[in-house]
Amino acid sequence: MSDQEGGKGSPKSSSLSPYEEAMEALSSLITRRTRADDSNVGDQFSLLYDYLKMLELEEPIANMKVIHVAGTKGKGSTCTFTESILRNCGFRTGLFTSPHLIDIRERFRLDGMEICEEKFLAYFWWCYDRLKEKTDDNIPMPTYFRFLALLAFKIFAAEQVDVAIMEVGLGGKYDATNVVQAPIVCGITSLGYDHMEILGNTLGEIAGEKAGIFKNRIPAFTVPQPDEAMHVLEEKASQLNVPLQVLTPLDAKLLNGLRLGLEGEHQYLNAGLAIALCFTWLKRTGHVGDINLEQTDTLPEQFIKGLTSASLQGRAQIVPDQHIKSERSNELVFFLDGAHSPESMEVCARWFSLAIKEYNPDQTLFHQQLNNSKLPHEVVKSTHHGERGSQRNSTPILLFNCLTVRDPQLLLPQLMKTCADHGVYFKKALFVPSLSVFNKVGPQAFTPADSKVDLSWQFNLQRVWENLMQGSKGRSTDIVSEELKDDMEMSVSNCDHSAVFLSLPLAIKWLRDRVQQNQSVRFQVLVTGSLHLVGDVLNLVKK
């Protein structure tokens, strides 16, 4: 794509970089409507076909060999495994996922790497300028997510990918990715209660929305579902003559002693779904070739490599703070997981409880687990601290926020109980408002630490937590740490077991100060409740 093709409609500003200009333009597409607004669904879905005409994408999408994945939990993981497998089979892959954690370009991956800034800008302005020129009052500019989906189709068509793996953003039937008329294969991951303000109040209604990606006679796969959801999936499949298969989790023995690239027992379910999607894609596109798909007692080498090398930011991710200047590393470690439903919160709590016990950089035992683990290189910088290091006390801390459409009365008890069942008790819970704002993307999309920020939601979360702590029995009620009692001047509301901070940077500064002042303590911080929070933390602690 030449320079002349893109950028003519970009806002002109000498103070902004070209990338910041694109982020400003993209931010202009974010609406203030709630996602449950009527104009977000059925009666407006047909507009997508007008946009495809404007961008001349109808034929390219019709020729695209798409794997389409919907679901409540595990979409991103399943798509990540699927992409990694097919890339290791030698195919040029395109992967579209959401949300992004730090940079919008994470949503568009070519051969496993996020698209480079130069290509992103060229394709961005190519799409934005044409839509700006051809839209009007009757057909307005597409909203934010719809534009991103259209951009993904443009990128994957222009880059001539062999396979486009498209993760549904929300629901399925009216999602912008559902303009694909003839995918090669479809997948439905685990279903649960989420986005009920849009998708319906029952699992049946939610399953009906997700099954909206089924296409006539196109094979589809799913995982074991609650009866109510499974009944709807089977009914929708029958109406469209869709051969629907229910899969079991991957047998770990098929990995030849290796571990999945993504942590957590639930990932074996997502991996099993990914394997079926890849097998079917290979068969239906005539690409079996040298890959032996017939053996049932083992997986092809390319599949094993894809499954064990897959990586996904913000899901069961461990990141040591790299800002603390000290001879001892790993004194402040962030355990990040974007769980935001009761089911995923239980999985997250189980992972954290086991991970903090496994994660001990002061013991050589830890090194034996590294060959196939996803822990970052920084965690094993040294083991020479010996007994002095191993004597440091582990201090579990919770750093939490969730969207106001979530129910903390469902999330926080699940988290606390599951951790307690594993003998893990948080010494302090920190509640913070979002750092990024809903109507901006890019590096400028952060709110300053404004004393006027509304903390009413965070105070509500704190009340829920304190009530849970007081109502629980046993050790969890008697764990107020001496080293955490004082020096709370940075918080705006300090209770025995929790604190509310005006901003995320202040909470992280407080943690770093505590680490510097308590040399005998290792802080292990679980960051969860929201992928937005996870992305904000990554932005602040990864350099």
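Among 424-430, 58-64, 408-414, 134-140, what's the highest-first ranking by average C-beta atoms within 10 angstrom per residue?
The packing order, highest mean first, is 424-430, 408-414, 58-64, 134-140.
Computed over protein heavy atoms with a 1.4 Å probe, the carbon and sulfur contribution to the accessible area of region 40-307 reaches 46%. Put a dot 7 Å past the Cα of residue 239, heading toward its Cβ, do the same for residue 134, and the two dots end up 3.1 nm apart. For region 35-183, the normalised intensity computed at q = 0.12, 0.15, 0.16, 0.19 Å⁻¹ comes to -0.47, -0.74, -0.85, -1.22 (log10 of I(q)/I(0), Debye sum over alpha carbons, equal scatterers, no solvent).
With 0.36 nm allotted per residue and the present C-alpha distance subtracted, the residue 118-residue 231 stretch has 36.0 nm of extension available. For the cross-link pairs 452/509; 253/428; 75/417; 73/134, the ones whose C-alpha atoms lie over 29 Å apart are 253/428; 73/134. Accessible surface computed residue by residue for region 40-307, with neighbouring protein chains in place and a 1.4 Å probe, gives 39 Å² per residue. Largest first, the residues 404, 93 sort by 1.4 Å accessible area into 404, 93. In this rough spin-label picture, where each label sits 7 Å from Cα along the Cβ direction, the residue 202-residue 53 distance is 3.9 nm.
In whole percents, the pair-distance distribution calculated for region 40-307 from its alpha-carbon pairs, binned every 5 Å from zero, is 1, 6, 13, 17, 19, 17, 13, 8, 4, 1, 0, 0. Among the trypsin sites (Lys or Arg not before Pro) in region 201-286, those located in a DSSP loop and surrounded by at most 11 other Cβ atoms within 10 Å of their own Cβ are 217.
The values are calculated or read from the model by the stated rules, or taken from the named source; none is laboratory data. Please read these numbers as outputs of a predicted model, since none were measured by experiment. A quick note on method: Cβ atoms are made from the backbone with ideal geometry, for glycine too, and the neighbour counts reach across all protein chains shown. What goes into the accessible areas is simple: the full protein's heavy atoms, side chains included, and nothing from ligands, DNA or RNA. Shrake-Rupley method; radii C 1.70, N 1.55, O 1.52, S 1.80 Å.
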